Amino acid sequence: MRARIAVVGGGLAGIAAALECGQAGADVTLLESRGRLGGAVYSFTRDGLRVDNGQHVFLRCCTAYIELLQRIGAWDLVTLQPRLRIPVLAPGGRRAVLARSDLPAPLHLAGSLLRYRHLGLSERLSVARAMRALDGVDRDDPVSDARSFGAWLADHGQSPRAREAMWELIVRPTLNLRARDASLAQAAQVFQDGLTRSAAAADVGYARGPLSEIHDVAARRALDAAGVDVRLRAGVTALARSGHAYRLQTAAGPLEADAVIVAVPPRRAAALLPDAAGVRSDRLSALGRSPIVNLHVIYDRRVLFEPFAATVDSPLQWIFDRTASSGLGSGQYLAVSLSAAEEELAMAPGELQARYLPALSALLDTEARVEAFFVTREHSATFRARPGARALRPSVRTALPGLFLAGAWTDTGWPATMEGAVRSGHAAAHAALGGAAPAAAAPAAASPALAGIGGAP
């Protein structure tokens with residue numbers, strides 16, 4: 001008889017786990033409480049536009065996520081830069097570009113950093129020295145995890161200006177925290193895997209169309225082809241050990257399985273897991289949560305002449321052109337992503353509009369008419385990768401045989417990213433199928449678009 005595996009949760013971790021188990025020949029049932037797959041990475045329709053809940057990007061070093069895109073037949077729905085290039089805009093028309101050269105890592109960023117006009121020469125040289133030192137941090141050392149990245153930057157002579165104009169550009173969107181609040185070990189992982197150890201690792205990728213076309217439509221098609229029974233609006237309300245199997249109570253009735261992969265957010269997992277699983281709910285709660293707020297602005301004409309840009313000297317952080325993916329017929333649709341957005345989370349739409357529209361006008365030097373403005377909020381977008389957080393992140397295995405965990409919040413070594421979620425799903429699937437959980441996902445299958453991958457946010 002084929003092993004019966006139930007996967008609870010249809011986010012990226014659950015999709016990756018269910019697909020791998022299904023393709024390995026298991027009898028897999030994927031249970032999702034919503035009417036769609038994709039978890040926290042999805043799109044919806046508003047006033048005839050296809051709107052993503054937030055801007056989600058990946059890097060070339062995100063090999064597990066790239067492999068998943070290929071496995072579900074969605075590679076043609078994304079774009080990946082052939083070479084890292086990030087415009088960095090400031091009010092008054094000031095502009096710089098962070099880009100890589102043909103030199104091997106870590107020299108691939110040297111020229112761009114030396115020309116980075118948002119910092120003075122002495123600060124650029126100081127940043128270069130700090131990046132070299134960061135490359136030597138042992139990110140697996142608990143001492144590194146217990147230390148604040150902000151404190152480390154101060155000890156390495158990074159001025160407030162260098163922090164705001166360089167370090168925060170990378171730390172805030174990848175960790176969803178300010179540098180002062182983030183773990184040194186987690187920041188080191190981001191820079192080592194994403195910037196300093198492979199020249200091609202930080203090339204940026206993003207969806208060309210609505211996110212749900214990838215993580216719902218394409219994923220469901222691939223899961224169906226793998227024989228996975230996908231049940232939507234079938235949230236699990238109870239989970240218990242029953243002899244050598246598990247009994248799950250769902251909105252659609254009971255289900256029995258030989259193994260269960262729980263791939264839901266940590267608070268939900270804490271409510272579902274039996275005490276005998278040995279996963280302490282207080283530790284999961286202590287992971288905390290950090291919000292992301294997204295501003296959606298539609299102009300009557302084009303105002304941003306780049307697919308995306310970072311900002312300095314502005315309350316804005318990152319801006320993305322989503323005109324084509326939304327289906328907007330004329331004008332331009334910009335999505336502004338605000339990470340670590342505790343303050344913005346508490347602000348009314350009118351307050352956000354009053355603060356950020358003038359900032360956009362100053363940054364883009366435009367008097368274009370705003371035709372629409374709305375806000376989406378992710379209250380619990382990620383866990384908090386603060387000092388000491390890794391010790392709170394559970395393993396894929398629980399104390400009960402046949403019961404496993406998946407999710408970007410488990411101990412993947414990565415921050416709460418799409419890559420971390422997919423890696424956790426692979427690890428849970430390997431464990432559920434009876435193999436040892438891999439230390440890292442296998443590299444994505446070769447393709448012309450992936451040529452040059454040399455590294456492994």
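Each reported figure results from applying straightforward, stated rules to the coordinates on display, with no laboratory input. Treat the numbers as computed from the prediction; the structure is a model and nothing was measured. So basically every Cβ, Gly included, is an ideal-geometry build from the backbone, and we count neighbours across all protein chains shown.
Here are a few things to note about the model shown:
- Ordering V171, G111, S144 by Cα displacement along the dipole of the range 101-196 toward the positive end leaves G111 in first place; charges were set at the Cβ atoms of Lys, Arg (+1) and Asp, Glu (-1).
- Available extension along the chain between A110 and S242 is 41.6 nm, counting 0.36 nm per residue and deducting the alpha carbon span.
- Residues within the reach of a label modelled at S330 (point 7 angstrom out along Cα to beta-carbon, backbone nitrogen below 16 Å), restricted to the range 366-389, are 368-372.
- Within the chain: Cβ-based charge dipole about Cα centre, in debye rounded to nearest 20 (Lys, Arg +1; Asp, Glu -1): 200
- Taken about its Cα centre, the range 358-409 carries a charge dipole of roughly 600 debye when the Cβ of each Lys and Arg holds +1 and the Cβ of each Asp and Glu holds -1.
- The convex hull drawn around the Cα atoms of the range 290-381, when projected onto a plane and averaged over every direction, covers 5.7 nm².
- Whether the range 69-154 is rounded, prolate or oblate, judged on the alpha carbon gyration tensor where a/c under 1.5 counts as rounded: oblate
- Of I261, A128, P394, farthest towards positive along the dipole that unit charges on Lys, Arg, Asp, Glu beta carbons give the chain: A128
- Helix-only [θ]222 nm of the chain, DSSP H runs n ≥ 4, -39500 (n - 2.57) each, per residue, nearest 500: -7500 deg cm²/dmol
- Shown for T366, T417: other C-beta atoms within 10 Å of each C-beta, ranked fewest to most, produce the order T366, T417.
- Ranked V7, V336, criterion: other C-beta atoms within 10 Å, fewest first: V336, V7
- The dipole here belongs to the range 290-381: it is taken about the Cα centre, uses +1 on the Cβ of Lys and Arg and -1 on the Cβ of Asp and Glu, and is about 260 debye.
- Arranged from fewest to most other beta-carbon atoms within 10 Å of their beta carbon, S337, S183 become S337, S183.
- For the pair R283 and R355 in one chain, pulling the backbone fully straight at 0.36 nm per residue adds 22.2 nm over the alpha carbon distance.
- Coarse-grained scattering of the range 173-272 at q = 0.15 Å⁻¹, given as base-10 log I(q)/I(0) from a Debye sum over alpha-carbon atoms: -0.95
- Estimated from the Cβ-Cβ distance and a Förster radius of 41 angstrom, the FRET efficiency linking R85 and L433 is about 0.50.
- Pairwise FRET efficiency - A391 versus E342, Cβ, R0 = 22 Å, nearest 0.05: 0.40
- Anisotropy class of the range 118-172 from Cα gyration tensor, a/c 1.5 cut: prolate
- Tensor-based shape of the range 51-107 (alpha-carbon gyration tensor, a/c under 1.5 rounded, otherwise prolate or oblate): oblate
- Using a Förster distance of 45 Å, the FRET efficiency for E256-T45 (Cβ separation, nearest 0.05): 0.75
- Alpha-carbon Debye profile of the chain, log10 I(q)/I(0) at 0.12 Å⁻¹: -1.04
- Distance between the C-alpha centres of the range 227-287 and the range 142-163: 39 Å, rounded to the whole angstrom.
- Net +/- balance of residues flanking A391 in space, Cβ distance below 10 Å, scoring K and R +1, D and E -1: +1
- The residue list I214, L195, A182 was ranked by how far each Cα lies along the charge dipole of the range 169-220 toward its positive end, using unit charges on Cβ atoms, and A182 comes out on top.
- In nm, spacing of pseudo-spin labels at A133 and E306 (7 Å Cα→C-beta vector): 2.9
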